[in-house]
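Quick notes on the structure that follows.
The values are calculated or read from the model by the stated rules, or taken from the named source; none is laboratory data. The structure presented is a predicted model; accordingly, all values stated were derived computationally and were not measured. Using ideal geometry, Cβ is built from the backbone for each residue, glycine included, and neighbour counts are taken over all protein chains shown. Side chains included, ligands, DNA and RNA excluded: accessible areas come from the protein's heavy atoms. Shrake-Rupley method; radii C 1.70, N 1.55, O 1.52, S 1.80 Å.
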Amino acid sequence: MILLSYRTTSRQAISRVVGIHHHQPLRCLSTVPHDRLNDDKSKKQDFEYCINLVRERDREAFYCGLLMPTKAQKAYFVLRAFNAEIASVKEIHYARQQGGPSSSPSQSIALQLRLQWWNNAIRQVYGDVDDVDKRNRRDPALVNLSISCWDSPIVRALYHVNQEHNLTRRFLERLVEAREEDLDLDQYETLEDAKRYAEQSVSSLLYLSLETFGVRDDAADEVVTFAGTGIGLTTALRGTPARLTNGECPIPADVLGPEFPRSQLINAVYGEHDLDEEHAKQFQEAVQTMAMTAASYLMEARERQSQVPKAARSALLPVIPSLQYLSQLEKAKYNILDPALSEPDRFGLLFALGRTWTTGIF
């Protein structure tokens, strides 16, 4: 079990690295379209766009958002919409490959540019005029990317959320960096690598959620480090059937075994034939190992949840869907290809979310 080994720095160190103090006023960016940002109708439409996007792409996150207190709810949906957009870059990549040739260099560059677009958007939100201009001069293709970012309702909404909550920029950057590192990866070598990615891609989102509640301390961050790692590993397991059809394997090589015949797994997903008995048992044990690892992190977060102020524990609601899935997976005897796992118990989930929201304990 780790403690904070995947968090490279404390909040104080992060502030020194990026040169931004949490209470330092943000300077304005000359390219901000003030007419659209300051218009109340446009702001309302931008937030509604974020809510609708989360509803469409991540129904469980949407349910959690409905239970967030008013002061943090808008920010929650904006951050989730931002995360959904950067996560979709790789999904779009695979959707375009279906039935076609493998990724070409030009496709890879296009995907990198899309993530660069989001990096530029973060710089714009934080008012880094000089930094953006320097990068644009080095690569003229980025000029249009910088200009176009304000056409995005998510970027405009993120600008307002940042003005209200003064979010730690480094956590937003880590979300994009995680997607960049994962873009061309089809399987992690080790479980430790998978844990690291889970912390970077999920815990960073939870750190930001805590900030919207006004909580900025390492004790609370410790809880969401465990929670995010557990959620991330569970999310990888949940996506296994779909990702196998894309040629990916979310279960790390050191858990599954380097010689495991992944082609047989893909055929099993498509229903062409089942795994032979030996490999089926090996696959089941690998799934169980990863599931138990995810559960251990979520249980550690549960044990430490008192370190998060009770008024801010709604930020931990995303733990509930992961706990529910792991329970269903255990009942399915870790047969991750069981069709029943693709049909979530929504009534049970809503009940569990409601209980956690009422008691402040998950």
Residues (over 22 Å from A75 (Cα atoms), charged (D, E, K, R) and either in contact with a Ser or Thr (Cβ under 7 Å, 6 or more places away or on another chain) or free of Cβ contacts under 8 Å to residues at least 12 places away in the same chain (or both)) located in the range 185-232: E192, K195
Candidate set: the range 272-306, residues that are more than 24 Å from the chain's Cα centre (by Cα) and of a type in the set (D, E, K, R); chosen: the one most open to solvent (accessible area, probe 1.4 Å): E277
Helices (runs of 4 or more DSSP H) lying entirely in the range 122-224 (those with 1 or more residues that are touching a Phe, Trp or Tyr at 6+ places or on another chain (Cβ under 9 Å) and modelled with pLDDT of 95 or more): 153-165, 169-182, 191-198, 204-212
Count of residues meeting criterion [without any contact (Cβ under 8 Å) to a residue 12 or more places away in the chain and open to solvent by 50 Å² or more (accessible area, probe 1.4 Å)] in the range 328-344: 3
Matching residues, the range 255-271, being more than 25 Å from the chain's Cα centre (by Cα) and either open to solvent by less than 10 Å² (accessible area, probe 1.4 Å) or among the aromatic types (F, W, Y) (or both): F260, L265, Y270
Selected residue (criterion: most open to solvent (accessible area, probe 1.4 Å)) from residues of the range 345-357 that are within 30 Å of G271 (Cβ to Cβ) and charged (D, E, K, R): R346
Complete set of residues in the range 188-203 that are buried (at least 17 other Cβ atoms within 10 Å of the Cβ) and either more than 29 Å from Q45 (Cβ to Cβ) or over 16 Å from the mean Cα position of the chain (by Cα) (or both): Y188, L191, A194, K195, R196, Y197, A198, E199, Q200, S203
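Mind listing whichever residues of the range 47-71 are open to solvent by 80 Å² or more (accessible area, probe 1.4 Å) and farther than 19 Å from W357 by Cα?
The answer is E48, Y49, R55, E56, R57.
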Flag for F347 being free of Cβ contacts under 8 Å to residues at least 60 places away in the same chain and either of a type in the set (A, V, I, L, M, F, W, C) or outside any helix (DSSP H, G or I) (or both): yes
Candidates L183, L206, L175, L210, filtered to the one that is farther than 30 Å from N246 by Cβ and within 16 Å of the chain's Cα centre (by Cα): L210
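Quick check: anything in the range 243-254 surrounded by fewer than 17 Cβ atoms within 10 Å (Cβ to Cβ), over 21 Å from A340 (Cβ atoms) and not β-branched (V, I, T)?
Yes.
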Answer residue from the range 307-323, given it is touching a helix residue (DSSP H, G or I) at 6+ places or on another chain (Cβ under 9 Å) and surrounded by fewer than 20 Cβ atoms within 10 Å (Cβ to Cβ) and is nearest to P339 (Cα to Cα) among those: A312
Sole residue being β-branched (V, I, T) and under 30 Å from L353 (Cβ atoms), chosen from V319, V255: V319
Among residues of the range 226-249, those that are in contact with an Asp or Glu (Cβ under 6 Å, 6 or more places away or on another chain) and modelled with pLDDT of 95 or more, counted: 3
Residue match in the range 80-93 (condition: at pLDDT 60 or above, in contact with a helix residue (DSSP H, G or I) (Cβ under 9 Å, 6 or more places away or on another chain) and assigned to a loop (DSSP other than H, G, I, E, B)): no
Selection count, the range 231-258, where residues are part of a helix (DSSP H, G or I) and over 21 Å from P309 (Cβ atoms): 17
Only listed residue being open to solvent by 10 Å² or more (accessible area, probe 1.4 Å), in contact with a helix residue (DSSP H, G or I) (Cβ under 7 Å, 6 or more places away or on another chain) and modelled with pLDDT under 95, chosen from K74, K43: K43
